[in-house]
Amino acid sequence: MSPDPARSSLVVMGQGYAGLPVSMRAVEVGYTVVGFDPDTRRVKRLLSGDSYVEDISSEVLSAALATGRYLPTDREEDCEGFDVALITVPTPLSEGLPDLSYVEEAARTVGRYLRSGACVVLESTTYPGTTVELVAPVLEGESGLSAGTDFHLGYSPERIDPGNTRWGLVDTPKVVSGVNDTSLSAVQSFYASIVEETVAVSGTGEAELTKLIENTFRHVNVALVNEMAMFASDLGIDIWQAIDAASTKPFGFMRFEPGPGVGGHCLPIDPSYLSWRVKRRVGTPFRFVELANDVNDHMPEYVVRRLVLAMNQRGKALRGLRVLLLGLAYKPNSGDARESPAIVVADRLLSLGAEVHAADPLVDPEYPISGALRVQLTREEVRAASAVVLLTAHDRFDYEMVLSNADFVLDTRGRLEGRNVERL
Ligand SMILES: NC(=O)c1ccc[n+]([C@@H]2O[C@H](COP(=O)([O-])OP(=O)(O)OC[C@H]3O[C@@H](n4cnc5c(N)ncnc54)[C@H](O)[C@@H]3O)[C@@H](O)[C@H]2O)c1
């Protein structure tokens, strides 16, 4: 049976892209939610009803605050007395290796306030084994309680897709797991109260691997079309037409598109968690991931090379050339520029002496992009640039205006057609 939200309180560790949406949903169904985040600036914004997560509007945030059941906080003491704690903190790479320090720190805080009968769920993406080998001992050490006996513990991968207007937290099936059957049942009951469908797997390792299969699958397939795009161009074949044609097959094919590389918090990072674990535990390299990293990491450099060649044909050198980049986010209609290949393209062009202007109406104007001038997409900007490079195909760009005013467009997203357009 699901817990009664009206009588249960939740702590969500981390109020970011993953943690804020689940906090809002829990408040909506009646839970009392403490959103703990050590980032004081973020907490202040949340308290003033100002959302920084694009899938959560400031109206939704304000409505949650108005219920009196949502408390964003950076004070650990506010975590006292929870029934369920979710851990949604960053799992980045540090010098190419998994960095679980945020998970460890969050687990320590949760452990200090853990009571008998409570339930703790790790949601951060990580390698198989983390919940049992890292989170459980930290929680047990801090609380003096035993996982699976005194408190419930499980893993449930986050499937948030920022900017996706079709699938959200509530209607995307949620994979759930526990360290034993009673923990699984507690974890599943909790999620059944906030999402439409839960999918149970037998252990936390299976749930941890589920997320990595999903992201590695995407990473590898993006690399496959990226590599194909590079040699198709050399063969004088239009990869985009071939992909369109292949996509008419109603079975056995899934569409992936080439681009300037992969970005965001998932694809460039998560598969490396898995390959690190495989290498360490099994002793063999995870060759698909290594190859995919290699191809995808090369794409920004390839984009620059294509631009150099195109300008060369026009008798222009990149040094001193004005280039307008369209899009800095790692994916369309999102303002998220973390790990974005567009930033790598900008840096590379700058190092070659180009004058780089960049337009992205969705990325925070304060986002650090060394040396590139942030501009609005205007007719004047397009006309003044010797080359426009489309890196992120946001719907709100005025493509007609770009096509009718640009000298030359390098389109890395297969969005544009015209006599002045060259596609990747
Ligand atoms: N962003 C996505 O689209 C997405 C999708 C699926 C999975 N994930 C996974 O979810 C996890 C979180 O990612 P995110 O995108 O929400 O990151 P984020 O950076 O947007 O948010 C994480 C938050 O955790 C906070 N934090 C850091 N240390 C903390 C601590 N000790 N206690 C509490 N909070 C702490 C940070 O200040 C930050 O606000 C990662 O493992 C990521 O791989 C993210």
Next on the checklist: Could you check the spin-label model distance between L291 and E380? Points 7 Å from the Cα along Cα→Cβ, value in nm.
Outcome noted: 5.1 nm
Item to check | Computed E for D364/V199 - FRET, C-beta separation, R0 45 angstrom, nearest 0.05 | outcome: 0.80
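Taking loop as defined by DSSP and a crowding limit of 16 other beta carbons within 10 Å, which GluC sites (Glu not before Pro) in segment 13-76 fit? Write out the running numbers ahead of the final one.
Values: sites: E28, E54, E59, E76; in loops: E54.
Answer in residue order: E54.
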Item to check | Residues listed by number, segment 333-358, amide nitrogen under 19 Å from T165 label point at 7 Å toward C-beta | outcome: 333-336
Checklist outcome for this item: Taking every C-alpha to C-alpha distance in segment 82-208 and binning by 5 Å from 0, the per-bin percentages run 2, 12, 22, 24, 20, 13, 6, 2, 0
Item to check | Range in the chain, longest, excluding exposed chymotrypsin sites (Phe, Trp or Tyr not before Pro) [loop by DSSP; at most 13 other beta-carbon atoms within 10 Å] | outcome: 254-424
Checklist entry - Between D395 and S57, what is the FRET efficiency for a Förster distance of 22 Å, r being their Cβ-Cβ separation, to the nearest 0.05? => result 0.75
Checklist outcome for this item: Dividing the alpha-carbon radius of gyration of segment 11-64 by 2.2 N^0.38 Å, where N counts its residues, gives 0.98
Checklist entry - Extension gain D39-K316, at 0.36 nm per residue separation less the Cα-Cα distance, in nm? => result 95.0 nm
Checklist entry - If you find the alpha carbon centre of segment 131-177 and of segment 220-260, how far apart are they in angstrom? => result 36 Å
Checklist outcome for this item: In segment 37-162 the DSSP beta bridges are antiparallel at a rate, in percent to nearest 5, of 20 percent
Checklist outcome for this item: Rounded to the nearest 5, the percent of antiparallel DSSP beta bridges in segment 93-207 equals 35 percent
Checklist entry - Ignoring the sites themselves, what is the longest stretch of the chain with no trypsin sites (Lys or Arg not before Pro) in a DSSP loop and at most 15 other beta-carbon atoms within 10 Å? => result 167-254
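For the chain, what is the calculated [θ] at 222 nm in deg cm²/dmol (nearest 500), taking -39500 (n - 2.57) for each run of four or more DSSP H residues and dividing by its residue count? Each step should come with its number before you reach the end.
Values: 13 runs with 163 residues, N = 424.
So the helix-based figure for the chain works out to -12000 deg cm²/dmol.
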Checklist outcome for this item: With bins of 10 Å, the percent of all Cα-Cα pairs of segment 1-126 per bin from 0 is 14, 47, 32, 7, 0
Next on the checklist: Only counting other Cβ atoms within 10 Å, I'd like L114, L145 sorted with the fewest neighbours first.
Outcome noted: L145, L114
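Taking the DSSP beta bridges in the chain as the whole, what percent of them are antiparallel, to the nearest 5?
Roughly 10 percent of the DSSP beta bridges within the chain come out antiparallel.
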Item to check | Principal axes of the chain: Cα extent on each, largest first, Å | outcome: 73, 49, 41
Checklist entry - What does segment 273-416 give for Rg and for Dmax, in Å, if only its C-alpha atoms count? => result 17.0, 57
Checklist entry - Among S370, S247, what is the fewest-to-most ranking by other Cβ atoms within 10 Å? => result S370, S247
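All of the numbers you see were taken from the coordinates with simple rules; none came from a lab. Fair warning: this is a prediction, and the values are worked out from it, not measured in the lab. Backbone-built Cβ (ideal geometry, glycine too); neighbour counts: all protein chains shown.
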